Structures are given as C-alpha cells and as structure tokens.
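Trainee: Quick one: the structure is below, and I'll ask about it shortly.
The values are calculated or read from the model by the stated rules, or taken from the named source; none is laboratory data. None of these values were measured; they are calculated from a predicted model. We place every Cβ from the backbone using ideal geometry, glycine too, and count neighbours over all the protein chains shown.
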Amino acid sequence: MESILTFIGRFHPLIVHLPIGFILLAQLLEFNRSKFKESEKILKFILYWVLLSGVFSILSGYLQYQQEGYLWESVQGHFYLGILTLILSMGFYIFLGKKTILKRLPRSFFSISLLISLIFTGHLGGNITHGEDHLTEPLAEVSSTLFGIENETKTLQLNEKNYSEQSIYTGIVVPILSNKCVSCHNPKKTKGGLKLHNYEALVQGGKNGSIINFDKPEQSELFLRIHLPVEEKKHMPPKSKKQLTKAEIDFISYWIELGAPQNQTLEQLGTSRALIDPFLSKEEERFYPKIALDAPDSKILRDLIAKDLLIAPVSRESNLLKISTLNVPKFENKQMELLNGIQEHLVSIDLSYSAVNDSIFDLLAEFPNLVQIKLNHTQVTGKGILALQKNKNLKQLYLVETEINGIYLKHLSNFPSLEQVFIFQSKRNLSREIELTPKLKTIIEFGEYDLPKLPSDEVIY
Amino acid sequence: MDNLKKLIAENKELEAQLNSRRHFLKDCTLGLGGIALGSLLNSCNFDQQKAYDYTSARALNPMAPLPSPLSPKVKSVIYLHMVGAPSQLELFDYKPELAKLHNKPCPESLIEGKEFAFIEGVPNMLGPQATFTQAGESRNWVSNHLPHFKKVVDEVSFLKAVHTDQFNHGPAQLLMFTGSARFGRPSLGSWITYGLGSENNNLPGFVVLTSGGTPDAGKSLWGNGFLPSIYQGVHCRSKGDPVLYLKDPEGVSRDLKRKVIQSINEINYKEYQKFKDPEVLTRISQYEMAYRMQVSVPEVMDINDEPDYIKEMYGVQPEKEAFANNCLLARKMVEKGVRFVQLYDWGWDSHGASESEALSKGFLNKCRDMDRPVAALLLDLKQRGLLEETLVVWGGEFGRTPMWENRAGIQNSLIGRDHQGEAFTMWMAGGGVKKGYVHGATDEIGFRGIDGRVSVHDIQATILHLLGFDHEQFTYDFQGRPFRLTDVEGRVIHEILT
C-alpha cells in the first residue's frame, strides 16, 4: 500500500500542470470573451476541469509530502496556496452560475486573484523541487557584484599554499557534502530525517540515529553507505544522483576514521599529501594566451589539411590553433597566404625544414597572437627579424640549424614577451661571434654543450 | 544478461563506426585511387559543421594526428628502459647505513613472508658497491658510476620509491608497458599513437629501438593488444637495414614498386568492401607507409651526417648495435615528429651469478655504456629546444634487493642483488617536469618506500597526463567493457610536475 501511495504521490509534478494549463486557458478566454459567442459556457466547462484536476493535484501533492520526507514548514505555503487556488476556481465557477451571492463581487476579482494565486503556488512548488534559490541562482553573481554581497562559498578553495592551515571539515568535507549530499539532506528537504548542511546536524544524524559512530568509526552509517556497491538500495548518493569520486570516498572514509574532527587543520592531523592532492586547485601557468575567439573557418582548415599541413587546436576544446609544415618541405613564403582568415587563431607556427627565407619575418608579424615560432633547419639569416617585435605574445623562438647571423640577434631585446630563443648551430660556434646584453644572456640558449672525455670512459671491466 | 547487452551495444557502435568509414570511402574520396594515394577525404564538403571535426580524418588514415583532449605539456616521449632492472642502490639511491650492515646476515623480520626470485633462507646484506657524491645545484646524490650524468642531474625529477607487484622480468615489463602483467593489452606507445596519431607522414609514430638483446617479454611490449594493429610499435634495427626488407630488391625500380603497391591496395580494397574489416584498411595504410618509409627511414636512421663532436658526445659506435646510437637516433626521430620512441637496453640483471651479471664487472660496463649517451641525449635535446616538448623517462622493470643474492641458499660467488619490486628509482625529465627534484624516499637500507611511493600505474598516468590525456577518460571498448592503460588504478604524480 505504502509503495502505491508513493507511486501516486510521484505523479504530483505531472498532474499539477493540468489545472495550471486549464486556468491559463480560462484566463485567455476570459479576457477575449467578446470574440466568442458562447464564451460563458466554454469558460464554465474549462473551470469544471480545473476543479477536477485541481482536487487530484492536491491529493497527490499531499501524498508526496507524506511519503517522501519533506518538511511541513517547507511545503505548507505551497499547500495552502494550492487550496486557495482551488477555492478561487470554485468561486469563479459558482459566480458564473445563475443567481448566487457571489455575484456581488466584481468579475475581475475572480480572474485576477486566481491568476496571482496560481503564480505564487507554482513558484513555491518549484522552490520545493529545485531549491529555494533555484530561480535567482543565475542572477546571484550579477546581484552580488551589483550590491557587493558576498555569497557564502562552499566550494573547494584549496591550493598549494593555503591547504595546510585549512580545517579538514570546512576545507574538504563541507565542499564534498554540499556538492553531492546537501541537496537532499537540508532543512528544506530532509530525506531520511537527515540534514548535512552543518556539523551539528550531521553529528545529530537522521531518523535512525547518528550517522557517525565515534567508537567504531568504520561502522558509521555514513562510512558504510558510501562504500556499498552502487546497485545496493542503501548506497548513497542514490544511483540516479551524482556519485562520489574515489578520491572523495577515500577522503570521507579517512575523516570518519579519524573520528570526524571539525576544527583540526590538515597540518595538525598530518594528512598525507596523496589524499589531499585531488582537491587542490592547481594554478596552471598559461603558455598560450587566454583569448576568446570564434571557431576557425572549417573550410580553411580543410584546405590546409588537404595540402598536408598539420593544423590542430592546442587542445581538443580550444579555438587556438597551431600549424606545422613538417610534411610540406617545399612550403614557401608565398604559401603563407593560405593562412588568411586564421591569423588571429594561430598561436604556434612551425616552419622547420621548409623553404622559407628572410622575408618570412614580415609575414609572421601579421599574426598577432603567435606565442611560438619555429624556423629550425631553414635558410633564414635573421635579416628583418626586428619585424617580430610586433608579435606581442611571442615567447619562444626556435632558430636551430639555420644561417642565422649573430649581428641580428641584438634586435631580440626589443621583443616584449620573449622568454626563450633556441639558436644552436651544430656546425659553428655562434656564441663566439656576438656580444650579448645581460637580458639576452638569460633568454638565448646557444647550447654548444660538450661532455669532455674522462679516463673512466675507456675502462673495460 | 547485462554482459550480453553490453557486447551487443559495443558491436553496434563498431558497426556504426565502420559505416561512417564506409561513407567516407564511398562518398568522399576519389575512389580507389584516392585510397592508394592517402587521405584525400578533404574533398568532401560538410558545411553544416561549425568547428572542424578533426576526428573525421581518422576515417581513412588511422594515424591521422588528433589534438590532445587536454592541454599537453609535451608532444613526444623518449622512454629509456634498462632491461633486467638496474640496481638503484648503485646508481641513485644512496644508503650509507647499508654499508654498515655489509655481509651481515639479513634480519629475519625483513624477509619473513616475502617472496624473492632467487633468494632462499637468510641472505647476507650487501653494502652499496659505489661511492656517491651530491651533484649539480640540486645537490642530488649520484653514484660515481655515472660521472657524465652528474652534469644533467639538475634536469631530472627522481622518483625514489616506485613499486611494482611483479618480481619476474617478463610480467614486470608487461606491467610497466601495458598496465597488466598478463599478455593482451596494448602498450603505452600504442595507446599514445592511438590517441594522438602521428605527425610525420613518412615515419612511424611509435618506434622501438633495442640494444643488447630483446626484452624478456618480447614484442608484446610494443604490441597493439586489442587496438587496431596499425598502432603497434615499429621495431627498427640500429645495425644494417633499419627496417628489414624495406630496400627494393635488385632490379626493382621505385616506380615499379609503386605500381605493385597500388595494385595490391586495390585488391585489398575490394576485400575491404566485401567484409568491412578495418584491419584491411590498416594493411592498406601500412603498405603506403612502408613505401614512404623507404626514403625517409634510411635518412633519419643515418647517424653519419651528424657532426663528429655530436657523435663523440653520445659515444656513438658506428656500424654496431649500441645504446649510444639509439639515443642519437631517438633525438633525430623526435626532431622529425615521431611521437613515441622506446629504447630497450638489455643486460642490467645483476644477480652476481656470472661475470656479465656481476655488480663488480658486467654492471660497470653497462653503466659506462649508458652514462654518456643518456647525458648527451638530455643536453642535445636541451640545446635544440626539444626538451621543452619532449618527456624523457628512465627506469627498469623493478629494482634490486639490499641483500647479496644467495641462489639456492648459497651466497653467489660474484657480487649481485636479487629482484625487488618494493622500491626502486626512476626519473623523468623534460616539458612539464620539475628540474632537479626528488620525490619519494626509501628506508635506511633501500628495501621499502617510506614516503612518496608511486606505482607503475602512477607513472603511466603521469606520462598520459603530460601528453594531455586524463588517464581515467582515455578508454577503448573491448569485449563489453571500456579498458584503460591504468586499469582501475593510477594517480598523476603532481608532485614532480611544474
């Protein structure tokens, strides 16, 4: 019987939309009465169905409240307003009848109050299913910046520097719980009588008592439930919800085994780095700039690929592109016009082993976002290299095994973002040809390494 | 029942994949000639797609390069594997306490319940057979057996507490390179070329170079497992013809060869149309690859055009099969866009059962022959800017015991150590890896990892991470379930990453 009631209760979200639709239809008709001949009759007919479906909605809603562990405080508004809506519809229905006392009220009273009551009932209903701030959530960021309100954050905020001082509970456990558990275990929606929104509630437990067993931590309900196989009915979070990751299960288990401490920091507890690591946010040093660009024109990409050029985004989801002429050794300066239309997208260009010459520098200056340029094994001498100072993002320049002339290297100090230049020439000692400023000394890699012979090289044991 | 459903689903998916391949073959190319000439799928117009679908290139060319799913730190890997398991206690893991215990019986508590490959009963301890100094600015310990390596010690991140659960060579090598100690899984290089393809049209994406002998686990170490066979490693010989039978026979011109291959491909293609087996496509593209390799492989495999001082730096031994030659080749290949170069150097199994296996003899020769080329490789990659986007990994399949091996209960006449999976040293260097760093530590005698222990799967996860993969997402469906290189384990070793 219980399960049938639950089953019927679950139809509530479906059934409610019937009276909602009927009422809106009635309203439409009401405001366009003049257009129809027998509008009063139709209106009455519609309202009759409003009443019928309304009664079922309220019944199923009540069942759902009883069977699914909602708190009365959180549903009462929705419940009373639902009944009010039903009463108003009934009033309207009677009003349309022949002679009733209700005729003394203005007609617009019914239509307008019914509409208002419908809107509020619906809104409160939505709040129950989706959470209090569901509707305003997307605006929260806007409003908090507008009004300077800081939201209480329950997201992970650990990084390499701050993690040791964070308390184990607020630093890691709270973000895991709020992410995966609190949506069903909170003061509004309290499945199994359990609330997990703060430490006291968590320790207090649910309708079957505490979920943490301080004497035998590994027998804690929380511990057992997260470790059960997903198929088990008692496994938490339920199969249909977002599951805990292995790292999260490991960490919660560790925390329970410690006796679920609240205030101790990760450093005091001596938590091992391996357990914490998955929760650290790693600040990634960006090699490529963060530029918002539309997807590159796929026709251009197809043409380039058809010509054996290697063109690809820097990672699968990125719109920044890198290109290489590795498979096109005959690539020449004039073919650079193939790249028209994706100048902004290109962040890396590898022209190694190609047939380009010194006028390539002027052409490359037209690519504003280039971070990396490779001209290894080409004929370039460096004449005109100064043009590359226009490439504000250029960090790496490769000129290995070229005809590079040392006198042009002094121009490199004018390049705004340049970090590394590789300039090794296996057949000559370029470093002897030129004098370098201190700045250039730090960015130019001449190579020219050697491993002098040692007596031990010759010993045969 | 569930399993059956999964198998059916997998089969359907496979069929759908084949269908899209079929569609490309039929509608998007110039037909047979198109196939023989390589990927011409771009004559196909698909204007409804906004962004370019890079995966579509795979329909015809299974080696077409694909971008990494996540931001990669490196684009190539050179993996230096010392077959037989070099002794960490004579190379990088300095244990002065062990010297004090030299030739004293091993406390029984240490070996109780432990399994060894050869040690029986109670062996004696064996002190370090090397002197150590702190090298470089990082002041990390390096043994005197590696004088040249001391110059590059600041480039590498040591992992001092790697562990494996295998203590025999074959299974341990399989675990290291396929993620499983049993046969049948794809190798690391196969996974990588499957995921990223190959950049150079004329060279294989996954090259294997061996010296000293073939590894114990054989060619499975670079096998494709259940992946399409195009992703297996290409084993190049560093002496004589790099790839056997690649040269045209006498009297056969290149033109004739081309015609032969074209005809074979046409026949193969008819076969493919009939049975839709993707392995036929693999075969077609391998014929094409072989044809192109005839020119480019001898070129890239020729180390003679390198300047003499570079050859001297590596300690190249012309016309011989040598680890030094392979290191130089590895650099040349990475420079030409080869994705994964795997080096196997055989002969590190220092049991002390024979002279070549003794820490006092054969091991020292191995050290001498490995030291200079490895140091030279790191320096050469560095001076060409290649170390920025290449990952170099060095290691063995396990480590060696702090005990003197006593085969059948009798101490070996020569100095040697038994297999040990519990703790050994590996290192990584290159893009995205910290320089001059040490992660993990072993106990006073180097028997167990006590801090920063990392598993074989962790190493694999880290390599994939640096190439821009999430090792948990990178899967291949086979026999009803998704498989991954790291199986159900593995954690990226963030500690050594920049």
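Trainee: Starting from residues that are more than 12 Å from chain B (Cβ to nearest Cβ) and not polar (S, T, N, Q), keep the ones in the stretch A:259-289 and report whichever is farthest from A:ALA312 (Cα to Cα). Before the answer, list the steps.
Mentor: Initially, the stretch A:259-289 is screened for residues more than 12 Å from chain B (Cβ to nearest Cβ), giving A:259-271, A:289.
Narrowing the set further to residues that are not polar (S, T, N, Q) leaves A:259-261, A:266-267, A:269-270, A:289.
Details: A:GLY259: 51, A:ALA260: 49, A:PRO261: 50, A:LEU266: 43, A:GLU267: 44, A:LEU269: 47, A:GLY270: 45, A:PRO289: 16 Å.
This residue is A:GLY259.
Trainee: Same structure again: Before we move on, is A:PRO289 within 23 Å of A:GLU165 (Cβ to Cβ), in contact (Cβ under 8 Å) with a residue 60 or more places away in the chain and outside any helix (DSSP H, G or I)? First the steps, then the outcome.
Mentor: On the way: within 23 Å of A:GLU165 (Cβ to Cβ): no; in contact (Cβ under 8 Å) with a residue 60 or more places away in the chain: yes; outside any helix (DSSP H, G or I): yes.
So A:PRO289 fails the test.
Trainee: Against the definition (assigned by TED's automatic domain parsing to the domain that holds B:TYR194 and over 30 Å from B:ARG481 (Cα atoms)), how does B:SER211 come out, yes or no? Give the derivation first.
Mentor: Numbers: assigned by TED's automatic domain parsing to the domain that holds B:TYR194: yes; over 30 Å from B:ARG481 (Cα atoms): yes.
Considered against the rule, which asks whether it is assigned by TED's automatic domain parsing to the domain that holds B:TYR194 and over 30 Å from B:ARG481 (Cα atoms), B:SER211 comes out as yes.
So that you can scan it fast, the table gives a plain yes or no per residue for (1) farther than 30 Å from B:HIS102 by Cα; (2) out of contact with any strand residue (DSSP E or B) (no Cβ under 6 Å at 6 or more places or on another chain):
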position	(1), (2)
B:GLY399	no, no
B:ALA408	no, yes
B:MET426	no, no
B:LYS434	yes, no
B:ASP451	no, no
B:HIS457	yes, yes
B:ILE493	yes, no
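Trainee: Under the condition of being touching a residue at least 60 places away in the same chain (Cβ under 8 Å) and part of a helix (DSSP H, G or I), which residue from the stretch B:290-312 is farthest from the other protein chains (Cβ to nearest Cβ)? So that I can check it myself, show each step before the final result.
Mentor: Within the stretch B:290-312, the subset touching a residue at least 60 places away in the same chain (Cβ under 8 Å) is B:292-293, B:295-297, B:300-301, B:310.
Now narrow it down to the ones that are part of a helix (DSSP H, G or I): B:292-293, B:295-297, B:300, B:310.
Working: B:ARG292: 10, B:MET293: 14, B:VAL295: 12, B:SER296: 10, B:VAL297: 15, B:VAL300: 12, B:ILE310: 6 Å.
Only one residue fits best here, namely B:VAL297.
Trainee: Could you tell me whether the stretch A:155-168 includes any residue that is in contact with a Pro (Cβ under 6 Å, 6 or more places away or on another chain), modelled with pLDDT under 85, surrounded by fewer than 16 Cβ atoms within 10 Å (Cβ to Cβ) and more than 26 Å from A:GLN76 (Cβ to Cβ)?
Mentor: Checking the stretch A:155-168: at least one residue is in contact with a Pro (Cβ under 6 Å, 6 or more places away or on another chain), modelled with pLDDT under 85, surrounded by fewer than 16 Cβ atoms within 10 Å (Cβ to Cβ) and more than 26 Å from A:GLN76 (Cβ to Cβ).
Trainee: In the set A:PHE22, A:PHE45, which member is more than 14 Å from A:LEU96 (Cβ to Cβ) and either without any contact (Cβ under 8 Å) to a residue 40 or more places away in the chain or not hydroxyl-bearing (Ser, Thr, Tyr) (or both)? Break it down stepwise before answering.
Mentor: Numbers: A:PHE45 fails: more than 14 Å from A:LEU96 (Cβ to Cβ).
The conditions single out A:PHE22.
Trainee: Further question: What residue, among those in the stretch B:335-361 that are in a helix (DSSP H, G or I), within 12 Å of chain A (Cβ to nearest Cβ) and not polar (S, T, N, Q), is surrounded by the most Cβ atoms within 10 Å (Cβ to Cβ)?
Mentor: Filtering the stretch B:335-361 for residues in a helix (DSSP H, G or I) gives B:335, B:355-357.
Then keep just the ones that are within 12 Å of chain A (Cβ to nearest Cβ); that gives B:335, B:355-356.
This time we only want the ones that are not polar (S, T, N, Q), so: B:335, B:355.
On the way: B:GLU335: 21, B:GLU355: 12.
Looking at residues that are in a helix (DSSP H, G or I), within 12 Å of chain A (Cβ to nearest Cβ) and not polar (S, T, N, Q), I get B:GLU335.
Trainee: Looking at A:PRO19, is it in a helix (DSSP H, G or I) and more than 36 Å from the chain's Cα centre (by Cα)? If you could, list the steps in order and put the result at the bottom.
Mentor: Values: in a helix (DSSP H, G or I): yes; more than 36 Å from the chain's Cα centre (by Cα): yes.
So A:PRO19 fits the description; yes.
Trainee: I'd like the full set of residues that are within 44 Å of the chain's Cα centre (by Cα) and of a type in the set (Ser, Thr, Tyr), limited to the stretch A:410-429.
Mentor: A:SER413, A:SER417
Trainee: Then there is this: Among the numbered conditions (1) assigned by TED's automatic domain parsing to the domain that holds B:LEU387; (2) surrounded by 15 or more Cβ atoms within 10 Å (Cβ to Cβ), tell me where B:THR282 comes up short.
Mentor: Checking B:THR282 against (1) assigned by TED's automatic domain parsing to the domain that holds B:LEU387; (2) surrounded by 15 or more Cβ atoms within 10 Å (Cβ to Cβ), the one that fails is (1).
Trainee: Which of (1) assigned to a helix (DSSP H, G or I); (2) modelled with pLDDT under 80 does B:SER220 not meet, given it meets every other one?
Mentor: Status for B:SER220: all satisfied but (2).
Trainee: While we're on this one: So which residues in the stretch A:406-427 are exposed (fewer than 12 other Cβ atoms within 10 Å of the Cβ) and part of a loop (DSSP other than H, G, I, E, B)? So that I can check it myself, show each step before the final result.
Mentor: Taking the stretch A:406-427 first, the residues exposed (fewer than 12 other Cβ atoms within 10 Å of the Cβ) are A:414, A:416, A:427.
Hits for the stretch A:406-427 are A:PRO416, A:LYS427.
Trainee: Go through A:ALA387, A:ALA312 for me and flag whichever is surrounded by fewer than 21 Cβ atoms within 10 Å (Cβ to Cβ) and in the same structural domain as A:LEU436 (by TED's automatic domain parsing). Before you say what the answer is, go through the steps one by one.
Mentor: On the way: A:ALA312 fails: surrounded by fewer than 21 Cβ atoms within 10 Å (Cβ to Cβ).
Exactly one of A:ALA387, A:ALA312 is surrounded by fewer than 21 Cβ atoms within 10 Å (Cβ to Cβ) and in the same structural domain as A:LEU436 (by TED's automatic domain parsing), namely A:ALA387.
Trainee: Still on this structure: For the stretch A:428-457, what are the residues that are part of a loop (DSSP other than H, G, I, E, B) and touching a strand residue (DSSP E or B) at 6+ places or on another chain (Cβ under 7 Å)? Walk me through it before giving the result.
Mentor: Quick first cut of the stretch A:428-457, residues part of a loop (DSSP other than H, G, I, E, B) only: A:428-429, A:433-437, A:446-454.
Of everything in the stretch A:428-457, just one residue is part of a loop (DSSP other than H, G, I, E, B) and touching a strand residue (DSSP E or B) at 6+ places or on another chain (Cβ under 7 Å), namely A:LEU436.
Trainee: Going through A:VAL347, A:VAL371 one at a time, which residue ends up being out of contact with any Gly (no Cβ under 9 Å at 6 or more places or on another chain), within 23 Å of B:ALA57 (Cβ to Cβ) and of a type in the set (Val, Ile, Thr)?
Mentor: Values: A:VAL371 fails: within 23 Å of B:ALA57 (Cβ to Cβ).
Result of the check over A:VAL347, A:VAL371: A:VAL347.
Trainee: Next question. Yes or no: the stretch B:415-424 includes at least one residue that is within 30 Å of B:HIS457 (Cβ to Cβ), surrounded by fewer than 22 Cβ atoms within 10 Å (Cβ to Cβ) and within 14 Å of chain A (Cβ to nearest Cβ).
Mentor: No; the residues of the stretch B:415-424 include none that is within 30 Å of B:HIS457 (Cβ to Cβ), surrounded by fewer than 22 Cβ atoms within 10 Å (Cβ to Cβ) and within 14 Å of chain A (Cβ to nearest Cβ).
Trainee: Being within 14 Å of B:ALA57 (Cα to Cα) and more than 14 Å from chain A (Cβ to nearest Cβ) is the filter here, so list the residues in the stretch B:186-202 that pass it. Even if it seems obvious, please write down each step before you answer.
Mentor: First, pick out the residues of the stretch B:186-202 that are within 14 Å of B:ALA57 (Cα to Cα): B:194-199, B:201.
The one that is within 14 Å of B:ALA57 (Cα to Cα) and more than 14 Å from chain A (Cβ to nearest Cβ): B:TYR194.
Trainee: Only residues that are surrounded by 17 or more Cβ atoms within 10 Å (Cβ to Cβ), outside any helix (DSSP H, G or I) and at negative phi: list them for the stretch B:449-471, please. Explain how you work it out, then say what you get.
Mentor: At the first step, the residues of the stretch B:449-471 found to be surrounded by 17 or more Cβ atoms within 10 Å (Cβ to Cβ) are B:449, B:452-469, B:471.
Narrowing further to those that are outside any helix (DSSP H, G or I): B:449, B:452-455, B:467-469, B:471.
Hits for the stretch B:449-471 are B:GLY449, B:ARG453, B:VAL454, B:SER455, B:LEU467, B:PHE469, B:HIS471.
Trainee: Just to verify a result, which residue in the stretch B:70-97, among those that are charged (D, E, K, R) and away from chain A (no Cβ under 14 Å), is surrounded by the most Cβ atoms within 10 Å (Cβ to Cβ)?
Mentor: Pass one, the stretch B:70-97, residues charged (D, E, K, R): B:73, B:75, B:90, B:93, B:95, B:97.
If we keep only those that are away from chain A (no Cβ under 14 Å) too, we end up with B:93, B:95, B:97.
Numbers: B:ASP93: 27, B:LYS95: 21, B:GLU97: 13.
Only one residue tops the list, namely B:ASP93.
Trainee: Looking at the stretch A:394-435 only, could you name the residues that are basic (Lys, Arg) and modelled with pLDDT of 90 or more? So that I can check it myself, show each step before the final result.
Mentor: First, pick out the residues of the stretch A:394-435 that are basic (Lys, Arg): A:395, A:410, A:427-428, A:432.
A:LYS395, the sole residue that qualifies.
Trainee: In the stretch A:222-237, what count of residues is obtained for those that are free of Cβ contacts under 8 Å to residues at least 24 places away in the same chain and either of a type in the set (Val, Ile, Thr) or more than 16 Å from A:SER253 (Cβ to Cβ) (or both)? Spell out how you get there, then give the answer.
Mentor: Looking only at the stretch A:222-237, we keep the residues that are free of Cβ contacts under 8 Å to residues at least 24 places away in the same chain, and these are A:224-225, A:228-235.
Keeping just the survivors that are either of a type in the set (Val, Ile, Thr) or more than 16 Å from A:SER253 (Cβ to Cβ) (or both) gives A:230-234.
Going through the stretch A:222-237 one residue at a time, the tally reaches 5.
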